Amino acid sequence: VYNDARAIERSVDKAMTSVLLHKAGVATPPAWAVEHADEARRILVREASGGHALVLKPMFGSQGKGLMRVGQVDGEWVPLPDLASVGGLAYLQRFVPPPATANTDGAGFDWRVLVIGGRAVAAMQRVSRHWIHNIAQGARSVPCVLTPALAGLAEAAARALEMDYAGVDLVPDASSRAGAQVIEVNGVAAWRGLQRVTGFDIAEAIVDDLIARRLGHAEDVMAQVCQI
């Protein structure tokens, strides 16, 4: 296991991820985790009065499955579903609207930044006409420049969760100092889509970091293997 089991637990639990990101001062949307439907509805109404929609996510989930926007969505009211359909828990995260785009097809995007050994090493845009931008949900991988701002934000997110390896998802947000906000930190991140659009050898970087930091210097380990 590459990441420590506790680190994986911190990233799998979306409520814990939000708590740790906020505590570390990492730009991330406001989020709430509640057990009672009445409380969730009050949050929904309060956020709607401020012009915000919310994203209802499974507390434990991945690949963009089970996500839905609730509250004031595109001028229509979308009510909260029965909480039994999401395991009796409501994890609600403020929806960050996409920036105005010049794309004629109406496609939007977010970023996936890969952090290995505390350092951001590669990035891509995940582009889709749908508001969910996961590759598993049909988004396409597009190469992009890993800017210092994106790298710094992703590294801060991985550091907040004490992760050796992380796939950090960010959405563009002009109101944020870094120009983006972190929406999720993945402790067992897939990187097939990212590898398709970057010449950086992700597998090699992961293995080198794992060997170097878990077993000592990579060169020493390889020398021992050769002697055997």
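The values are calculated or read from the model by the stated rules, or taken from the named source; none is laboratory data. Keep in mind it's a predicted model, so treat the numbers as computed, not measured. Glycine gets a Cβ as well: all are built from the backbone with ideal geometry, and neighbour counts include every protein chain shown. The protein model used for the area step is the full one, side chains on, heavy atoms only, and it has no ligands, DNA or RNA in it. Shrake-Rupley method; radii C 1.70, N 1.55, O 1.52, S 1.80 Å.
Just one of the listed residues (149, 178, 157) is surrounded by fewer than 23 Cβ atoms within 10 Å (Cβ to Cβ) and touching a residue at least 60 places away in the same chain (Cβ under 8 Å), namely 178. Of all residue pairs spaced 6 or more apart or on separate chains, those with beta-carbon atoms under 8 Å, a first member in region 1-12 that is open to solvent by less than 40 Å² (accessible area, probe 1.4 Å) and a second member that is assigned to a helix (DSSP H, G or I) and not polar (S, T, N, Q) are 2/206; 2/210. Residue 166: open to solvent by less than 20 Å² (accessible area, probe 1.4 Å) and farther than 28 Å from residue 56 by Cβ, yes or no? It is false that residue 166 is open to solvent by less than 20 Å² (accessible area, probe 1.4 Å) and farther than 28 Å from residue 56 by Cβ. Scanning region 130-146 for residues that are among the β-branched types (Val, Ile, Thr) and either under 18 Å from residue 116 (Cβ atoms) or free of Cβ contacts under 8 Å to residues at least 40 places away in the same chain (or both) returns a single hit, 145.
When residue 31 is tested against (1) open to solvent by less than 10 Å² (accessible area, probe 1.4 Å); (2) touching a Phe, Trp or Tyr at 6+ places or on another chain (Cβ under 8 Å); (3) at pLDDT 95 or above; (4) of a type outside the set (S, T, N, Q), only condition (1) is not met. Put simply, of 19, 73 the only residue that is without any contact (Cβ under 8 Å) to a residue 24 or more places away in the chain and within 17 Å of residue 161 (Cα to Cα) is 19. Taking first residues from region 24-52 that are without any contact (Cβ under 8 Å) to a residue 40 or more places away in the chain and within 26 Å of residue 179 (Cα to Cα) and partners that are open to solvent by 30 Å² or more (accessible area, probe 1.4 Å) and not aromatic (Phe, Trp, Tyr), the Cβ contacts under 7 Å between residues at least 6 apart in sequence or on separate chains come to 48/72.
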